[in-house]
Amino acid sequence: MNTVGFRQANINFDDLREAVGRSDCISESTKVIKDHSHDWWPINSAWRHQEKSPFEPNAVATPKNSEEVAKILSWAQKAKVPVTPWGLGSSVVGGPLTVHGGISLDTTKLDRIIDIDTENMHVTVEAGKNGGILEDQLQSLGLTLNHSPQSLYRSTVGGWLATRATGQFSSRYGGIEDLCVGFKAVLADGTKVTVGGSPRMAVGPDLRHILIGSEGCLGVITEVTLRLFPLAEFRKLQTVTFPDVTSGVTAMRQIMVSGLSPFLLRFYDLAEARHAMKDASFSSPVMFVGSEGAKNFADSEMSELLKICNENSGVDVGSDGAEAWMKRRFDFSTIENVLKTHGGVAETIEVANNWSGISGTYDALTKALRPFADEVLGHFSHAYTDGVSLYVILLGQAESPKDAELQFEQIWKVANRAVLDSGAVLSHHHGTGLARNEHVHEALGSSWELYSRLKKAIDPSGILNPGKLGL
């Protein structure tokens, strides 16, 4: 595979403008380039404080439809110019940063709702649609996606697929791969493809999964069909304290293997419980649980959920904590306020492991990261019958932005090693981007050969998001 190996300079984009047929499709302005040089990976805050932009594109393309996307990619492959898809730039691991320059392909003008099908319960939208705006429009019709990442209002539908995203209600409704019916995409040479579209199909492999989670390295998703749900008739929320992490994790496992399906299931260690409850004196790890549906069903399920919690030393302390969290669940201010400070360090590591290994991962990761922050917080969410995801959040302060930059680099080096050594997966839903790129080959193991062959076949020139997913 002849991958793009060097950052290119002085690229003449006039031929591309002519090929697209719209001169304003390509911008080389300093401001637009700067706007596409930083995502939400926290190390960017240290770079911004130092006025550094280590990953600038040469130009930004803003196609208005899939035909323009195809023309851009066809031109880029012939010209050997890298193309890195960009949604709303809310990746927290450096996913849309242009390692080799070239074109940052901004999809946000692809933002139409194409169809709301209430018979088959599907919604079809262009990939650049803001997820929060889409959800608000659907809720006004009594519908919902039931996909609710914290970044809902800062992310695009296409970005969800590219990073294999999941949301706060995934313990019941699953990740984006469960909610996606199908999509349209453009490959590296400009070929347009339609993948999926039916409830289930046994004609060959499930080709959706070639591009879901591929982080723009195998194609550019332009249109997505997702499942719809009616808004729940009733919701019931409760807050439960536990004496220690072990008892709370055990309760989570028993809930998931019991056949219950809470739409909300989150468990915080003591350090993060104080943040989750907005009470610095709070003295116990805490779980938020929620059931929804018909009122009788939700009441009955909640009774069973609390029974399992009580059997594991859980104490129901009412609904206030969980209800307050639901109202602020899209709030990033704790981390953002730290990052705004001169030398602020705030980072989130999210991973996953089986139930048999998650406690070891929690112990190893929190211990390894303790030297790098004033606070090390942990919570468990996105649960399955066979395991659960783990977040470890760091809050601290370095002497200067330069020191903060070095600290961010060390955090990821130490965290990635601790995760892999504990047997956990490198990422549960944020993707790999640049933060984890060095370890992708190791994390995929023997399956790396399969991915490598796919990449060579689909993108032989290596123009799509080069420098990512282990390359």
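The values are calculated or read from the model by the stated rules, or taken from the named source; none is laboratory data. Predicted model, so just to flag it, every value in this text is computed and none were measured. Here the Cβ positions follow ideal geometry from the backbone for every residue, glycine too, while neighbour counts run over all protein chains shown.
So how many residues does the stretch 397-436 have that are among the small types (Gly, Ala, Ser) and part of a helix (DSSP H, G or I)?
Residues of the stretch 397-436 among the small types (Gly, Ala, Ser): 398, 400, 404, 415, 418, 422-424, 427, 431, 433, 435.
Next cut, part of a helix (DSSP H, G or I) only: 404, 415, 418.
Looking only at that region, the number is 3.
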* Scanning the stretch 376-397 for residues that are free of Cβ contacts under 8 Å to residues at least 60 places away in the same chain and more than 17 Å from residue 426 (Cβ to Cβ), which turns out nearest to the chain's Cα centre (by Cα)? -> 394
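Among the residues of the stretch 111-145, how many are crowded, with 23+ Cβ neighbours inside 10 Å and either among the polar types (S, T, N, Q) or within 20 Å of the chain's Cα centre (by Cα) (or both)?
Initial filter on the stretch 111-145 (crowded, with 23+ Cβ neighbours inside 10 Å): 123, 125-129, 131, 145.
Restricting the remaining residues to those that are either among the polar types (S, T, N, Q) or within 20 Å of the chain's Cα centre (by Cα) (or both) gives 125-129, 131, 145.
Qualifying residue count for the region: 7.
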* Look through 91, 171 and report the one residue that is of a type in the set (S, T, N, Q), at pLDDT 95 or above and over 21 Å from residue 290 (Cα atoms). => 91
* Look at the stretch 96-120 and say how many of its residues are touching a residue at least 12 places away in the same chain (Cβ under 8 Å), assigned to a loop (DSSP other than H, G, I, E, B) and over 24 Å from residue 436 (Cβ atoms). => 6
* **Enumeration of residues in the stretch 100-156 that are basic (Lys, Arg) and touching a strand residue (DSSP E or B) at 6+ places or on another chain (Cβ under 7 Å)** => 112, 129
* Structure fact -> Every listed condition ((1) in a helix (DSSP H, G or I); (2) free of Cβ contacts under 8 Å to residues at least 60 places away in the same chain; (3) closer than 18 Å to residue 319 by Cβ) holds for residue 254 save (3)
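Among the listed residues 334, 385, identify the single one that is touching a helix residue (DSSP H, G or I) at 6+ places or on another chain (Cβ under 6 Å) and loosely packed, with under 15 Cβ neighbours inside 10 Å. Spell out how you get there, then give the answer.
On the way: 334 fails: touching a helix residue (DSSP H, G or I) at 6+ places or on another chain (Cβ under 6 Å).
Result of the check over 334, 385: 385.
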* To do: Could you please find all residues in the stretch 121-135 being in a strand (DSSP E or B) and under 14 Å from residue 62 (Cα atoms)?
  => 126
* Structure fact -> Residues of the stretch 183-207 being over 24 Å from the mean Cα position of the chain (by Cα) and under 18 Å from residue 227 (Cα atoms), in sequence order, are 198, 199, 200, 201
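This table checks each residue for (1) touching a residue at least 12 places away in the same chain (Cβ under 8 Å); (2) surrounded by fewer than 23 Cβ atoms within 10 Å (Cβ to Cβ).
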residue	(1), (2)
206	no, yes
221	yes, no
226	yes, no
233	yes, yes
242	yes, no
247	yes, yes
258	yes, yes
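Hey, can you tell me all the residues within the stretch 48-66 that are part of a helix (DSSP H, G or I) and touching a strand residue (DSSP E or B) at 6+ places or on another chain (Cβ under 8 Å)? Break it down stepwise before answering.
First, pick out the residues of the stretch 48-66 that are part of a helix (DSSP H, G or I): 48-49, 66.
Result: 66, single match.
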* Asked: Do you know which residues across the stretch 281-306 are surrounded by 13 or more Cβ atoms within 10 Å (Cβ to Cβ) and within 18 Å of residue 241 (Cβ to Cβ)?
  -> 282, 284, 285, 286, 287, 288, 289, 290, 302, 305, 306
* **Count of the stretch 274-298 residues which are out of contact with any Ser or Thr (no Cβ under 6 Å at 6 or more places or on another chain) and over 19 Å from residue 169 (Cβ atoms)** => 11
